[in-house]
Amino acid sequence: MFPDDEIVSALPRVVMGETLAVIIDYDAGNLRSVQRACAEIGLEAEITADPERVKQADRVIFPGVGAAGSAMRSLCRRGMDVALKTVIDSGRPVLGICLGLQISLDRSEENNQRTLGFIPGDVRRFRFDNPELKIPHMGWNEVRVLKPHPLLEGIEAGDEFYFVHGYFPQPQDQADVYAVTEYESEFASAIARGNYFATQFHPEKSGRVGLRLLAKFKDWDGRC
Amino acid sequence: MLSKRLIACLDVRDGKLAKSVKFIDTRDIGDPVEKAREYYEDGLDELVFYDITASSDKRNIMLDVVEKVAEQVFIPLSVGGGVRSVADATDLRLAGAEKINVNSAAVQRPALISECAEAIGDQNIVLSMDIRRVERNKEFPSGYEIVINGGRTPMGIDALEWALKGEKLGAGELVINSIDADGTRDGYELTLTALLAQAVRIPVIASGGAGKPEHLYDVLTTGKADAALVASMVHYGDYTVSELKQYLHDQGVKMRMSW
């Protein structure tokens, strides 16, 4: 019916004032659960492995589970590292989730991997003498907000989010840490700098409080 | 501090909800998608679907159920029953399952655990074990044996040994299901649960035997479990998810209380 599909698909978002949201696909986990949770709060997000599409996006979700080494190889092979850097430098909102957060730091102890370095710091493995503390840190745990951020609005004392991870982020600069969670000792569970915000927990699997965070991201202008 | 988890298990046969009693008789008790949504809204921490469909040509029905649930339930979703290959695991993951449970097929071919762990990540592969009490001897130093086929086939494998092997092969979590306790509503098998929970570093889910809130308290404290799995006690409306969580919270067990 229409001569050019690309123009047709581009039209509505211009006309309606809608924006393009993408979820970065780099073979690192169950992206559809992120997509479904976004749909639930009215954010239609496209899953894409195309770095050009990411560069065009108005907001970007950078999820991920799995290991730092293979994730980095997969990102770089596609040129997705460059695309992501472009978006972050442009000031558009980016949300990192779990491994997405971890590989945004400089280095991970997992696979002793050099990572993207958007935020100074490294990622370390949980080590406990107490055998009752299981690894991975798996389940629901409290997220204690240290300072206000538009995406953390509405979180109350006692609100819990779903975590699954064996490694934890250690940002170099305390100013980047917006929320902490206790697992024997406290670690950074939400970090942010400018238009980049990332959680160690999974908002897409954290019930109502997680959906609310995603809804805040949907409306976020990238400023804090 | 990490909360203990309350997990509800929904047995699904031909796309409908069923609850096994002693693994022999099953009867339908409703629509799995509706039940899942109800529990989610009532504060459930995690959901497990177990496919007990007998014929393999009806397996796609399960993918459909998973897909529908994943669209409206935003907590971790775990699916098991008849997973024999990485392809089975991947199909379920694509349909919306977070975690994949392997059971009988892993006992028969342990490499299935490492293959799935490699394909979908350690933390997403759950080793579900059906276990019965036996006389402690040279063959079964722990006094517990692994069984398969819904408890009908003893495998001559010591349960503790299998748990440790499963962890080594890359399982991210264990489900400890006592065949002796399952369906009795007399309480979880505390000795077994504590034995395995203290032997591994990965989280442990206790399953089989829950009938009263006290049973959940016992298995999360004395039994050292990280999570308690319930089925009939919530499916038949004897207790609600939020009642159980409130009870545990009042007893001093750390639970997620706002949702």
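Using alpha carbons only, how many degrees (0 to 90, rounded to 10) separate the axis of helix A:207-219 from the longest principal axis of chain A? Between the helix axis and the principal axis of chain A, the angle is about 50 degrees.
Under a Gaussian network description of chain B, with springs only between Cα atoms under 10 Å, the residue in B:ALA163, B:ALA87, B:ALA95 that fluctuates furthest is B:ALA87. Under the convention that each Lys and Arg Cβ holds +1 and each Asp and Glu Cβ holds -1, the size of the dipole of the protein assembly as shown around its Cα centre is about 580 debye. Where only DSSP H runs of four or more residues are counted, chain B gives -10000 deg cm²/dmol as its mean residue ellipticity at 222 nm, each run worth -39500 (n - 2.57). Each DSSP beta bridge with both residues in the stretch A:5-219 is either parallel or antiparallel, and the antiparallel ones are about 60%. Eigen-decomposition of the gyration tensor built on the alpha-carbon atoms of the stretch A:133-219 gives equivalent ellipsoid semi-axes of 19, 16, 11 angstrom, largest listed first. What is the Cα centroid distance between the stretch A:190-224 and the stretch B:145-170, reported in whole angstrom? After rounding, the separation between the Cα centres reads 41 Å.
When only alpha carbons of the protein assembly as shown are considered, Rg and Dmax amount to 22.3, 77 Å. In the stretch B:94-235, one over the average inverse separation of all distinct C-alpha pairs is 15.1 Å, which is the Kirkwood hydrodynamic radius. Straight-line reach from B:LYS138: taking Cα to Cα under 20 Å and skipping same-chain neighbours fewer than 8 places apart, the aspartates and glutamates in range are B:ASP158, B:GLU161.
Please find the FRET efficiency linking A:SER90 to B:GLU34, where r is the Cβ-Cβ separation and R0 is fixed at 35 Å, and quote it to the nearest 0.05. Kindly include the intermediate steps, with their values, before the conclusion.
Values: r = 45 Å, r/R0 = 1.28.
For A:SER90 and B:GLU34, the calculated efficiency is 0.20.
Just checking the listed ones, A:SER104, A:SER206, A:SER185: in the Gaussian network model of chain A with Cα springs under 10 Å, the one fluctuating most is A:SER185.
For B:THR193, neighbours were defined as the other residues whose beta-carbon sits under 11 Å from its Cβ, and their charges (Lys and Arg +1, Asp and Glu -1) total -2. As I understand it, the value is the acute angle between the Cα axis of helix A:68-78 and the longest principal axis of the Cα atoms of chain A; what does it come to in degrees, rounded to 10? Compared with the principal axis, the helix lies near 20 degrees. With R₀ set to 45 Å, the beta-carbon distance separating B:GLU214 from B:ARG152 gives a calculated FRET efficiency near 0.90. Only beta bridges with both residues in the protein assembly as shown are counted; by DSSP, about 45 percent of them are antiparallel. Over all orientations, the stretch B:5-250 has a Cα convex hull whose mean projected area works out to 11.6 square nanometres. Using the Cβ-Cβ distance between A:ASN112 and B:GLU41 with R0 set to 60 Å, the FRET efficiency works out to roughly 0.85. 3J(HN,Hα) along the stretch A:111-122: 6, 6, 9, 6, 10, 5, x, 6, 10, x, x, 9 Hz, from the Karplus curve 6.51 cos²θ - 1.76 cosθ + 1.60 with θ = phi - 60°, whole Hz, x for Gly and Pro. Ligands, DNA and RNA are left out, and with a 1.4 angstrom probe the accessible area of the stretch B:99-246 is 36 Å² per residue. So, counting K/R as plus one and D/E as minus one, what does the shell of residues with Cβ under 13 Å around A:ASP25 add up to? Summing Lys/Arg as +1 and Asp/Glu as -1 gives +1.
Look at the stretch B:232-240: the mean tally of other chain Cβ atoms within 10 Å of its residues' Cβ atoms is 0.
Between B:ALA199, B:ALA210, B:ALA228, the residue with the greatest mean-square fluctuation in the GNM of chain B (Cα pairs under 10 Å linked by springs) is B:ALA199. Computed over every Cα-Cα pair of chain A and binned at 10 Å starting from 0, the pair-distance distribution P(r) comes out as 8, 35, 37, 14, 4, 1, 0 percent.
Between B and A, buried accessible area summed over both sides at probe 1.4 Å, in Å² to the nearest 100?
Heavy-atom accessible area buried at this interface is about 3000 Å².
The values are calculated or read from the model by the stated rules, or taken from the named source; none is laboratory data. What you see is a predicted model, and the numbers here were worked out from it, not measured in a lab. Cβ sites come from the backbone with ideal geometry, for glycine too, and all protein chains shown count toward neighbours. We work out accessible area using only protein heavy atoms, side chains counted, and drop any ligands, DNA or RNA first. Shrake-Rupley method; radii C 1.70, N 1.55, O 1.52, S 1.80 Å.
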